[in-house]
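Step one of this worksheet: look at the structure below.
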Amino acid sequence: MKTLDAAQGQWLKILTSLGIPRDSLRKSHTKCPICSGAKKFRFDDKDGLGTWICNSCGAGYGYKLAKLYTQSPDSELLGRIDQIIGHKPEYTQQPVDPVQAQKKKRLVQFGKQLRECGTITASYLRNRGVDLHQLSYIREHPNAPYYQDGKLVGHYPAMVNALRNVQGQVISFHVTYLTQDGWKADLEVNKKILPPVETITGSAIRLCNLAPEMAITEGIETALGVMTYERVPCWAAYSANNLAKFEPPPGIESLVIYGDRDFSFTGQAAAYELARRMQARGIGVHVALPPDEGQDWLDYWGEVA
């Protein structure tokens with residue numbers, strides 16, 4: 001059994017043994033052991049995973065809190081946790097999957113080519129009617145390769161957004177291929193995701209920091225529109241199917257789902273399926289749909305702005 005699997009249900013013992021005051025580890029708001037902010041921190045230890053949230057430091061699981069507090073290297077911290085809970089880790093050699101290894105290599109190489117957003121992505125977002133406040137969460141590729149039927153057919157500037165799993169790890173990149181003057185490139189499919197290193201189910205494109213009160217949409221541009229016109233922190237789920245299966249990380253207490261109002265009812269069904277799941281978990285939830293059939297929120301804001 002791995003160390004963090006063995007630690008489940010024992011985070012109160014682990015964290016206090018590492019020096020975090022017990023008074024900080026309670027479900028009511030109290031002083032944060034990391035930033036020392038008064039009444040900013042809460043430790044809820046959901047499902048025995050050591051979950052916590054701070055208005056300044058963010059949110060996470062028990063290991064992240066231990067890491068922030070001790071500032072220890074992973075190998076040292078995991079060893080200390082093993083000692084505290086009396087665990088003897090088992091190490092097994094996992095076979096290397098060449099397909100997964102190739103996906104990871106491609107993802108890393110692609111990520112190294114990204115840069116801060118320039119005029120092309122900025123022009124694209126202005127053309128879509130959203131402001132540029134979230135540009136620091138977005139990246140740009142100056143010359144992204146475009147493949148069709150497995151063949152390289154050209155290179156285009158692109159807006160790039162990371163898909164992250166519930167732990168916040170990058171598992172793929174969403175690529176929007178653009179023209180030099182900031183419009184979608186005239187391609188058969190001008191939005192793609194790179195082959196992910198794990199399933200994208202439940203993942204999200206994080207366009208802002210985690211907050212207790214969040215919103216989520218299908219598309220990136222709609223999420224940016226929510227932050228432009230509604231002033232609510234918002235992430236994007238990439239697709240209707242993934243919206244329905246979104247997995248919120250610890251720290252989200254309420255969620256507004258800005259669904260698309262499709263003629264096919266695909267967007268509405270996805271929004272209400274997610275709402276059903278969140279309500280069952282005790283997360284406050286509200287579904288918001290645009291007023292007219294066949295409309296998404298960006299269409300609506302474009303009409304009324």
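The values are calculated or read from the model by the stated rules, or taken from the named source; none is laboratory data. Computed from a prediction, not measured in an experiment: that's the story for all the values here. Glycine gets a Cβ as well: all are built from the backbone with ideal geometry, and neighbour counts include every protein chain shown. Only protein heavy atoms, including side chains, enter the accessible area calculation; ligands, DNA and RNA are left aside. Shrake-Rupley method; radii C 1.70, N 1.55, O 1.52, S 1.80 Å.
Please return the longest range in the chain lying between exposed loop sites, taking chymotrypsin sites (Phe, Trp or Tyr not before Pro), DSSP loop only, at most 14 other beta-carbon atoms within 10 Å, and leaving the sites out.
Details: sites that count: Tyr91, Trp183, Phe263, Phe265.
Longest site-free region, per DSSP loop and neighbour criteria: 92-182.
In a Gaussian network model over the chain where Cα atoms closer than 10 Å are linked, find which of Ala101, Ala271, Ala211 has the largest mean-square fluctuation.
Maximum among the listed residues: Ala101.
Work out the FRET efficiency for Arg80 and Val166 from their Cβ-Cβ distance, taking R0 = 30 Å, and round it to the nearest 0.05.
According to the calculation, E is roughly 0.75.
Could you state the accessible area per residue of the chain in Å², with a 1.4 Å probe and every protein chain left in place? Could you put the intermediate results ahead of the total?
On the way: 15770 Å² over 305 residues.
Per residue, the chain has 52 Å² of solvent-accessible surface.
Starting from the Cα gyration tensor of the chain, multiply each eigenvalue by 5, take the square root, and state the resulting semi-axes largest first in whole Å.
36, 25, 18
Mind listing which trypsin sites (Lys or Arg not before Pro) in the range 25-123 are in a DSSP loop and have 13 or fewer other Cβ atoms within 10 Å?
Lys27, Lys39
If you count the DSSP beta bridges with both ends in the chain, what percent of them are antiparallel, to the nearest 5?
The antiparallel fraction comes to roughly 70 percent.
Multiply the residue separation of Lys2 and Val108 by 0.36 nm, subtract the distance between their alpha-carbon atoms, and state the gained length in nm to one decimal.
Using 0.36 nm per residue and subtracting the Cα-Cα distance, I get 35.5 nm.
What is the list of residues in the range 14-30 whose amide nitrogen lies under 14 Å from a point 7 angstrom out from the Cα of Ala38, following Cα to Cβ?
Counting only backbone N, you get 30.
Would you tell me the accessible area of His286, worked out with a 1.4 angstrom probe on the heavy atoms of the protein chains, in Å² to the nearest 10?
Number for this one is 110 Å².
Determine the equivalent ellipsoid of the range 1-154 by diagonalising the alpha-carbon gyration tensor, then write out the semi-axes as square roots of 5 times the eigenvalues, largest first, rounded to whole Å.
Semi-axes (√(5λ), whole Å): 40, 26, 12.
Given a 1.4 Å probe and every protein chain left where it sits, what share in percent of the accessible area of the range 8-166 is carbon and sulfur?
49
Looking at the chain, do any whole DSSP H helices span at least 15 angstrom along their long axis by alpha carbon and average 0.0 or above on Kyte-Doolittle, and which?
Qualifying helices: 74-85.
Starting from the residue with the highest accessible area, list Glu221, Glu90 in decreasing order, probe 1.4 Å.
Reading off the accessible areas and sorting them downward yields Glu90, Glu221.
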